[in-house]
Amino acid sequence: MAGQSITFGLHLDGQRATQPGNTLGESTLGPLGFLTFLETQLGLLALYPSQAERIVQYRECLQILDDDHRFYHRSFSVDPLGTAACLLAWRDQWALCGWDGDMPDDASKRLSDLAEVETIAATMVAASIGQRLKAIHLALQRRKPDIDQVQLVEPMKNFPGRWLAVLDALPVVEAVEPEGTGVGFLGALQVHLKEASAGQTLKKLSWQDDRSVIVVQAETRALAAHWLAPQLDNERPTLLVAGADGARLDAYLAAASSPRQGLKEVSAFRPALQVLPLALELLWDPLDYHALVQFLTHPVCPVPGHARRRLAEKIADAPGIGGEYWQRTLADIDVYYREEQAPRVRDQIAIWIEHARFSMEDGVPLDAVVERVSRLAEFFRQRLGETDTAKRVAFHAGYGQCHACLESLKGLQGQGTDRIRPRQLQKLVSQATASGSDNPLWLAEVGARLVVTQPGAAIEPTARVIWWQLAMPTLPSSDPWSASEVRTLKRAGVALSEVSDRFDQAAIEWLRPIMAAREQLILVLPPPSEEVHPVWQMIGAVIEQPKVVSLETLLVSGGDFMTPVTPVQLPEAKRWWQLPKYASISLREKESFSSLELLLFNPYQWLLRYPAALRPSRIVSVESDFRMFGNLAHGLVERYFLFSVSETMSDAEFNTWFAVAFAEVVDQGGAVLRMPGRGADLESFRFRLHQSMRTLRGQVAKAGMIKVVPEQVLSGKFEGGELSGSADLVMQNGRGERGIVDMKWSGIKKFPEKLKENRHLQLAIYAELLRQENGQWPSVAYYILDRARFFSPDNRFFPGAEVVPSASGENTAQLWQRFLATWRWRVEQIRAGRFEVVLDRISPTEESAPPAEAMSMETLNEAYNDYWALAGWEK
């Protein structure tokens, strides 16, 4: 039986570059594939550690020889793993290019230091590709693999030194660059590009529209993919050169019922690979609550589903662990899982959330990290038999990441390291993750074409070549060594290629897809805002005014596989919505201030939120500072007034109480303020709230209050049915009079203005509910917490308040009557099926004017309008 025939190229790993045929003994291989083939043939196949483990091994070598005189000392002392990764990459490149570990005596400090490190790294660090090729070369002196010929894609001179040594021992057929056999204008373009690349000066070609060359461009990749998808649906043999964002193209192919091409981009951000870094981020004190929310809401998480969702909602609402709110959430979780499962769920919560945390300055003990990574590895291991293919592949990727990280951690332990700091732990996880994993759902399907992601892999002529997203590639970079160091390396046997030679070879490889086309070449340029591929500049140098078709124009005119799209006008914004007669809207049986505010001042919001029950999608995330400050302040004031001896506290006793209570409240509901960079925010909040509560204590004492009830639940009735609410503070003085205080974190201009205009509706509603209890109207006031300012329409009940009398002379009781008139007016409209859309961008109509006895209208803050976009658009 004949031996193997190998086609070998530097860019063929992972490429689908040749048509499948009915042949045996023929393989198309890149460097990694050919390396494995040779090791298998020669009996050298072995299980090699990950690159992350090799970095840890090389770190130990650097550490053994490290002192103040080593060139890498300062970098190594700051970032040992990063320094080890960089220097190991240098060492591996030299080994691939022929280095045996020695340096001339006159070598520079950098080179001589690395040569000394190599004396111990040669036995302590797992073999690199260059060292494995050296072993293959030695084995080839003793036995021959079953190979008839090796057809090279690139010239021999382009291969690194170790590959050259191996190829010299094999039956090699030298590479021949394709000439290009295209027809029509395509053929002429190929000839001109070939001659121009050889340095000839040519007259530019005039563009010929024979459709052998088509160049298109769209403002977005989405439109480009939409246009290209049908092109791949015919039977013409096609090579697809997939540049940037190939996964998007595959998505459009699937939508067009065409076979996916398997353009599954490798990413380190696959869900299964995100769990480990998030789990380790939770080890640090202060805790990053944003990371905790991400961990709990992640689709792959060791904490059971319902429990983590409930905990995420609690953390988002009140960032903190512990306290009454936390215990209440845990109790709800216990009820859900019942006695059989609740203890196990509680154990998982304790392991992953309620665990010890460690100072970023001191670092975390490696034992704690190893335990955590081991638990996560076990979590993935138990799921490796998952029947769903996509999940199984994802769990394998997560397990592999944890295993690589665990081996690196154990390597550090073996080197005597007992603690690790955040930056080094992040670096280690990043190295264990490497380039990530691909999308297991997007495999190539039956009918997929030839696909390459590297232009240099276009080695087989085909009828049509499509180059998707001709964007700027990564260009060859210069080496980090000086000219004298390069000469020294050459004397040490390291044959490094010149940067200019790498550019020349890249230019040749860029032309291969164009030369491979026999009948048609389609180039899809990136969006105009992006830099184009150098090959497009090469084309522009040999063609006079290349014709680029704008795909946006085809949206209107049609043609070239593009169906014309008739523009559809967006719904116009209207001040009034009229429901059809068959749509009857019922009023709610129970209202509150928040629902009535929408009904009165923006009825379409009330319609969509309550009768229509439209809810915005909610991404669980930590709330804004504004809301958090308000919640914390309200919580601390409530705690104070519920404290049995609050009324008799001296200032000194209050200060002592405040220091302890404030810390507890922040830890349980505002712990994001303890995160790095938030110290100034925390101290500012502490100072303002302390001053505010001292002032509030003074106001209560001055008014002679004998009873203060925080968060008092109120209920009653009105013409529309039941009415309920919760007043921040209800106070009672020695005369038996009562008052309501509505606390706001901020709003120093807004709320005094409400009193002045007699528009304090929330207070009026609460006052009416309190009046229904004993027939007396209570006094009302606003307390602006961040400014420690107390505002009231008069000082009869609150003698220390800043008086803001009503400009009209009306009082809270009259405001209640105006509210009722306004409510009746809106209800009449609702029963007629009419709902006003009150937005600044839509002008009011005559119908927008309320009756004289009603409240004047106001525009609610549109930032809190979840339905703003549903109101329509301007022409």
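The values are calculated or read from the model by the stated rules, or taken from the named source; none is laboratory data. Please read these numbers as outputs of a predicted model, since none were measured by experiment. Positions of Cβ are generated from backbone atoms using ideal geometry, with glycine treated the same way; all protein chains shown enter the neighbour counts. SASA here: full protein model, heavy atoms, side chains in, ligands and nucleic acids out. Shrake-Rupley method; radii C 1.70, N 1.55, O 1.52, S 1.80 Å.
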Check: Given 0.36 nm per residue, what is the gain on full extension from T656 to R487 after removing their alpha carbon distance, in nm?
Finding: 53.6 nm
Check: Under Stokes-Einstein, with the Kirkwood radius over Cα pairs standing in for Rh, what whole-number D in µm²/s applies to the range 547-592 at 37 °C and 0.692 mPa s?
Finding: 208 µm²/s
Item checked: Percent of Cα-Cα distances greater than 14 Å, calculated over the range 824-869 -> 58 percent
Next item on the list: Compute the distance in nm between two label points, each set 7 Å from the Cα along the Cα-to-Cβ direction, one at A849 and one at L820.
Entry: 2.5 nm
Notebook entry, point to check: Can you give the accessible area of H690 in Å² (nearest 10), computed on protein heavy atoms with a 1.4 Å probe?
Noted result: 40 Å²
Notebook entry, point to check: What is the range 535-634 by shape, rounded, prolate or oblate, if you read a ≥ b ≥ c off the alpha carbon gyration tensor as root eigenvalues and call it rounded for a/c under 1.5, prolate for a/b larger than b/c, and oblate otherwise?
Noted result: oblate
Check: Which shape class, rounded, prolate or oblate, goes with the range 1-84 when its Cα gyration tensor gives a ≥ b ≥ c as root eigenvalues, a/c under 1.5 marks rounded, and past that a/b bigger than b/c marks prolate?
Finding: prolate
Check: With every protein chain in place, what's the accessible area of K717 (1.4 Å probe, Å², nearest 10)?
Finding: 130 Å²
Checklist line | Base-10 log of normalised Debye intensity for the range 221-367 (one unit scatterer per alpha-carbon) at q = 0.09, 0.14 Å⁻¹ | finding: -0.49, -0.76
Check: How large is the dipole of the range 815-875 about the Cα centre if only Lys and Arg carry +1 and Asp and Glu carry -1, each at its Cβ, rounded to the nearest 20 debye?
Finding: 220 debye
Next item on the list: Would you compute, for the Cα atoms of the range 314-424, the largest minus smallest coordinate along each principal axis and list the three values in descending order, in whole Å?
Entry: 46, 43, 24
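Under the √(5λ) rule applied to the eigenvalues of the Cα gyration tensor, what semi-axes describe the equivalent ellipsoid of the chain? Give them in Å, descending. Intermediate results must be reported in sequence, preceding the final value.
On the way: eigenvalues 921, 314, 112 Å².
For the chain, the semi-axes come out at 68, 40, 24 Å.
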Margin query: Below 8 Å between Cα atoms, with a sequence gap of 6+, how large is the relative contact order for the chain in percent?
Written below: 15 percent
Next item on the list: Please label the shape of the range 684-761 as rounded, prolate or oblate, based on the square roots a ≥ b ≥ c of the eigenvalues of the alpha-carbon gyration tensor (a/c under 1.5 means rounded; beyond that, a/b larger than b/c means prolate, else oblate).
Entry: oblate
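Would you mind giving the three semi-axes, in whole Å and largest first, of the ellipsoid equivalent to the range 137-198 according to its Cα gyration tensor?
Computed over the range 137-198, the values are 36, 13, 5 Å.
What is the percent carbon and sulfur in the accessible area of the range 797-875, measuring with a 1.4 Å probe over the protein chains and ignoring ligands?
Looking at the range 797-875 in its full context, I get 51 percent from C and S.
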Item checked: Within the chain, helix-based [θ] at 222 nm, where runs of 4 or more DSSP H residues each add -39,500 (n - 2.57), nearest 500 -> -14500 deg cm²/dmol
Notebook entry, point to check: Where the Cα atoms of the range 121-235 are projected onto their three principal axes, how long is each span, largest first, in whole Å?
Noted result: 61, 37, 32
Check: Per residue, what volume in Å³ does the Cα convex hull of the range 1-45 take up?
Finding: 76 Å³
Item checked: Whole-number accessible area per residue in Å² for the chain, which is evaluated in the context of all protein chains at 1.4 Å -> 47 Å²
Next item on the list: Taking all protein chains together and a probe of 1.4 Å, list H69, H298 from the most accessible to the least accessible.
Entry: H69, H298
Next item on the list: For the range 60-165, state which trypsin sites (Lys or Arg not before Pro) are in a DSSP loop and have at most 13 other beta carbons lying within 10 Å of their beta carbon.
Entry: R142, R143
Next item on the list: Would you mind working out the magnitude of the charge dipole of the range 214-345 relative to its Cα centre, with +1 at each Lys and Arg C-beta and -1 at each Asp and Glu C-beta, to the nearest 20 Debye?
Entry: 300 debye
Next item on the list: Check cross-link reach from K134 to the lysines: straight Cα distance under 16 Å, and skip same-chain residues fewer than eight apart.
Entry: K144
Checklist line | Carbon and sulfur %, accessible surface of the range 37-122 computed with the full protein complex present, 1.4 Å | finding: 52 percent
Checklist line | Estimated Rh, the range 631-729: Kirkwood, alpha-carbon pairs, angstrom | finding: 15.3 Å
Next item on the list: Measure off, as a whole percent, the carbon and sulfur share of the 1.4 Å-probe accessible area of the range 324-363, all protein chains present.
Entry: 47 percent
